[in-house]
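Reviewing the structure listed below.
The values are calculated or read from the model by the stated rules, or taken from the named source; none is laboratory data. Keep in mind the model is a prediction, meaning the values are calculated, not measured. Every residue, glycine among them, receives a Cβ derived from its backbone with ideal geometry; neighbour counts consider all protein chains shown.
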Ligand SMILES: [Zn+2]
């Protein structure tokens with residue numbers, strides 16, 4: 001099993017890009033020091049936390065975790081965003097949509113990308129009916145994609161935009 005990629009220092013290119021991607025949607029990336037515990041972290045340890053309009057991370061937070069929690073924020077409506085804390089809520093289909101969107105957004109991060117995201121999701125222990133995140137993404141995710149399109153979070157005609 002390979003080790004999942006981590007965010008690294010706040011000044012490096014990847015977290016800077018992630019912060020710039022999320023800021024227009026009202027979500028701020030907040031870095032904590034390496035040994036502090038992360039408020040709002042559902043899984044604890046180094047996993048990303050979500051509290052209202054803040055995504056809380058450390059340098060040793062896995063990139064897949066930061067992306068996943070960010071996508072919970074993006075998929076929640078305005079009313080729920082304000083009250084987000086630890087458990088992002090939402091139903092099973094929304095959870096799938098969150099996974100799908102996080103794989104799309106992975107392509108926007110330098111040195112990461114969707115293939116690495118899919119491999120890291122498997123390494124972390126996401127489980128999918130077809131046995132891998134990659135097979136789910138390409139073969140079994142029509143419902144997740146449809147959800148994103150209906151919510152206006154993804155434009156299939158212009159995938160480069162990801163989110164309007
Ligand atoms: Zn989730």
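Restricting 76, 19, 82, 88 to residues that are surrounded by fewer than 22 Cβ atoms within 10 Å (Cβ to Cβ) and modelled with pLDDT of 95 or more narrows the list to 19. Take residue 108 and tell me if it is surrounded by fewer than 22 Cβ atoms within 10 Å (Cβ to Cβ), within 23 Å of residue 148 (Cβ to Cβ), in contact (Cβ under 8 Å) with a residue 60 or more places away in the chain and in contact with a helix residue (DSSP H, G or I) (Cβ under 9 Å, 6 or more places away or on another chain). Yes, satisfied. Can you find a residue that is loosely packed, with under 13 Cβ neighbours inside 10 Å and at pLDDT below 95 anywhere in the range 115-124? So far as the range 115-124 goes, no, none of its residues is loosely packed, with under 13 Cβ neighbours inside 10 Å and at pLDDT below 95.
For the range 62-76, state whether one or more residues are closer than 21 Å to residue 38 by Cβ, in a loop (DSSP other than H, G, I, E, B) and in contact with a helix residue (DSSP H, G or I) (Cβ under 7 Å, 6 or more places away or on another chain). Give the steps one after another, and end with the answer.
We begin by selecting, within the range 62-76, every residue closer than 21 Å to residue 38 by Cβ; these are 62-76.
Imposing the further condition that a residue be in a loop (DSSP other than H, G, I, E, B) reduces the set to 76.
Add one more test, that the residue is in contact with a helix residue (DSSP H, G or I) (Cβ under 7 Å, 6 or more places away or on another chain), and what stays is none.
No, the conditions are met nowhere in the range 62-76.
Within the range 87-125, how many residues are assigned to a loop (DSSP other than H, G, I, E, B) and out of contact with any strand residue (DSSP E or B) (no Cβ under 7 Å at 6 or more places or on another chain)? Counting residues in the range 87-125 that are assigned to a loop (DSSP other than H, G, I, E, B) and out of contact with any strand residue (DSSP E or B) (no Cβ under 7 Å at 6 or more places or on another chain) gives 11. Do the conditions hold for residue 129, that is, is it without any contact (Cβ under 8 Å) to a residue 24 or more places away in the chain and under 23 Å from residue 47 (Cβ atoms)? The answer is no for residue 129.
When 21, 55 are checked against the criterion of being away from the ligand (no atom under 11 Å from the Cβ), over 28 Å from residue 140 (Cα atoms) and outside any loop (DSSP other than H, G, I, E, B), 55 stands alone in meeting it. I'd like the full set of residues that are on the phi > 0 side of the Ramachandran plot and either more than 9 Å from the ligand (Cβ to nearest atom) or in contact (Cβ under 8 Å) with a residue 60 or more places away in the chain (or both), limited to the range 71-92. Result: 86, 89.
Counting only residues that are more than 12 Å from the chain's Cα centre (by Cα) and within 10 Å of the ligand (Cβ to nearest atom), the range 93-111 holds 1 of them.
When you scan the range 130-150, how many residues do you find that are out of contact with any helix residue (DSSP H, G or I) (no Cβ under 7 Å at 6 or more places or on another chain) and at negative phi?
The number of residues fulfilling the criteria is 9.
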